[in-house]
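Colleague: I have a structure I would like to understand better, so I am pasting it below and will then ask my questions one at a time.
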Amino acid sequence: MTSVLHRPTDDAKLAGLPQEVRARLQDRFKLVVPSRFAADPAPAPRLDEPASNPAVQPMVSLTNVEKTYDNGSKALAGVNLTVNPGDFLFVTGPSGSGKSTLLKLLYGYERPTDGHILVGDQPIADLRGDRLAMMRRRIGVVFQDYKLIPKRTVSENVAFVLWAQGFTRKEIHRRLWPTLKMVGLQGKAHCFPDELSGGEQQRVSIARAVVSTPPLLLADEPTGNLDAENSLQVIKILRKLNSIGITVIVTTHDEHLVRISNHPVVQIKNGCLHHLRR
Ligand SMILES: Nc1ncnc2c1ncn2[C@@H]1O[C@H](COP(=O)(O)OP(=O)(O)OP(=O)(O)O)[C@@H](O)[C@H]1O
Ligand SMILES: [Mg+2]
């Protein structure tokens with residue numbers, strides 16, 4: 001099975017996080033915390049370590065995954081992929097190659113035709129109803145078309161996620177402002193989506209996806225509608241999130257963005273996945 005190997009994460013930043021946030025990141029998938037996150041440091045994982053390293057519970061693991069839609073359209077074929085906690089992975093590939101399908105399988109919006117998918121230790125395709133809903137709370141999703149609630153302000157759009165998950169008013173308030181600040185939107189908290197630029201709307205959608213500190217963030221073409229400067233800003237925000245321990249999987253068409261970063265890259269072509277850079 002192919003594997004995305006561990007990359008060093010900014011330990012200093014992680015150590016600087018409140019204990020509660022660290023615990024949440026580590027806890028939510030009942031993760032076996034990789035050695036670099038542990039209080040008692042163990043040797044760093046070697047680059048040639050096999051994917052099946054028992055010390056690390058992968059964040060995402062796909063084994064021989066096939067996806068054919070009901071109309072016969074074959075989107076993915078024989079996909080094997082392991083993403084470990086703390087990884088930042090770019091998924092590239094031409095239009096129609098299967099990138100969105102891959103993410104949809106990971107948050108349980110679509111089910112594979114064949115093969116196995118684990119998110120944390122959960123076979124997401126087998127989850128239904130409340131169990132699937134609970135699982136989805138632990139996965140932040142950024143959609144290319146933002147999916148903001150038009151009649152709600154920026155802060156209401158972001159707070160809504162926490163409210164729906166039963167967070168207290170106090171906790172919502174405590175989380176909302178630092179998250180808006182992180183995406184540079186504290187000055188736009190009371191604006192409605194149609195009063196924002198595309199880049200700002202995309203940053204609201206990122207804030208909404210991460211305000212509950214999910215350990216896994218899936219971003220589908222988050223820079224697809226943005227100019228070069230806004231795209232870079234979005235990638236910087238995703239990197240910042242990754243540096244505090246959030247695992248990030250991001251699809252993009254933008255070869256320039258991929259070239260100027262040093263993150264692992266996989267390409268999907270005709271439904272098959274290849275590693276371009278580890
Ligand atoms: N709901 C669906 N029903 C039938 N076929 C679908 C469905 N969704 C996607 N497909 C097909 O599956 C294939 C992969 O689509 P997918 O949306 O994953 O591609 P993509 O790589 O995300 O493309 P893009 O870069 O244009 O967003 C395409 O051939 C597409 O037509
Ligand atoms: Mg797509």
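Colleague: If you split all Cα-Cα distances of the range 147-270 into 5 Å bins from zero, what percentages do you get per bin, shortest first?
Modeller: P(r) for the range 147-270, in whole percents per bin: 2, 10, 22, 22, 21, 12, 7, 4, 1, 0.
Colleague: 5 Å is the cut-off here: which amide hydrogens, built 1.01 Å from N in the peptide plane, fall below it relative to Arg138, excluding neighbours closer than 5 in sequence?
Modeller: Distant-sequence amide H within range of Arg138: zero hits.
Colleague: Something else about it: Taking a quarter of the surface of the Cα convex hull of the range 125-187, what do you get in nm²?
Modeller: 5.5
Colleague: Beyond 13 Å, what percent of the Cα pairs of the range 98-153 remain?
Modeller: For the range 98-153, the share of Cα pairs beyond 13 Å comes to 64 percent.
Every number here is computed from the coordinates shown, using simple stated rules; none is lab data. Given the structure is predicted, the values throughout are model-derived calculations rather than measurements.
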